[in-house]
Amino acid sequence: MKTANVKVPLVVKATIFSTVLGLMCMGFSHAKPATAAAKGGTIRFSKDNVAVKEDVVSVNAKRNVVKAIEKRIKADKKAGLKEAVILDKKELTKAKADLEKSRSYLTADKKDFKRDYVLAINNCKKAVKEDKAELRKSKKKLQLDMWKKHNAALVPDAAKVAEGRKKLKWDETALSNEKRNMKTDMATLNKEVKKSEVEPAAVKSVETAYANVKSDVKGWFKKSKKS
C-alpha cells in the first residue's frame, strides 16, 4: 500500500523552518548560568583549605621554637654554660622533629586540596564529552528528519538540539571556571605557604627578649663576684 504524499503549504514550511531555527538559536542565548561552585572569587573545598592554613600556623610556630633554641645554644656557648648547651641540643632535636612532622602534614594537605580540584575538573571534562556526543546524536536525527521531510518531528528535534547546546555551554563554562579557580586558589595557598618560610618579627622579638635576659643574668653574675 502506497503512502500518500501530503503536500505541505509553503507558509507552513516557512513557519516550521523559522521555529526550528529559533529553537536552535536558543541554545546559545539562554545558556544555564554557572552554579556557585563553579564561580570564581572564593576558596573551594573549605575542609582541606582550613587544614592547609592550620598546617601553616603550626609550621610557623614550630620553626619559631627551633630558631629560638638555636639562638639560645649560641648564647649559652658564648657564656660557657656547657650543661645548658647539652640540654638545649636535646630540646632542639625534638623541636626539629616536630617541625618536620608539621611540614609533612602541610605537604600532604596541599596535595589533597589539589586532588579535590583535579577530581572536579575531570568530572567537568567527562560531562563535556558526554554533552558533545549527545549533541551530535541530536543533530544527526534533526538532519535525517529534515532530509526525510518528517515535518512533525522537526520542532521536537530542534528543541533537543537547543537543549543540548545549552547543556554543553554550561558544562564548558563550569570546566573553564574550575581550571581558573584551581589556578587562583593554589596560587593563594602557595603564597601563604611561602610567607611561612619567612622569619616573622615575632621570632626576632623572642630572640631579642632572650638575649636581654642573658645580658641581665651575666651582669648579675659579675656583680655577685665583685661583692
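Only one residue in E172, E130 is under 30 Å from D185 (Cβ atoms), without any contact (Cβ under 8 Å) to a residue 24 or more places away in the chain and not aliphatic (A, V, I, L, M), so which one is that? Walk me through how you get there before you give the answer.
Numbers: E172 fails: without any contact (Cβ under 8 Å) to a residue 24 or more places away in the chain.
On inspection, the qualifying residue turns out to be E130.
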Of all residues in the stretch 170-180 being surrounded by 19 or more Cβ atoms within 10 Å (Cβ to Cβ) and charged (D, E, K, R), which is farthest from N122 (Cα to Cα)? D171
Note on the stretch 95-127: residues hydrophobic (A, V, I, L, M, F, W, C) and either surrounded by fewer than 16 Cβ atoms within 10 Å (Cβ to Cβ) or outside any helix (DSSP H, G or I) (or both) are A97, A108, V118, L119
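Residue by residue, here is whether (1) at pLDDT 90 or above; (2) within 25 Å of V56 (Cα to Cα); (3) of a type outside the set (D, E) holds:
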position	(1), (2), (3)
Q143	yes, no, yes
H150	no, no, yes
E197	no, yes, no
A202	no, yes, yes
E207	no, yes, no
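The values are calculated or read from the model by the stated rules, or taken from the named source; none is laboratory data. None of these values were measured; they are calculated from a predicted model. Counting neighbours? That spans all protein chains shown, and the Cβs are built from the backbone with ideal geometry, glycine included.
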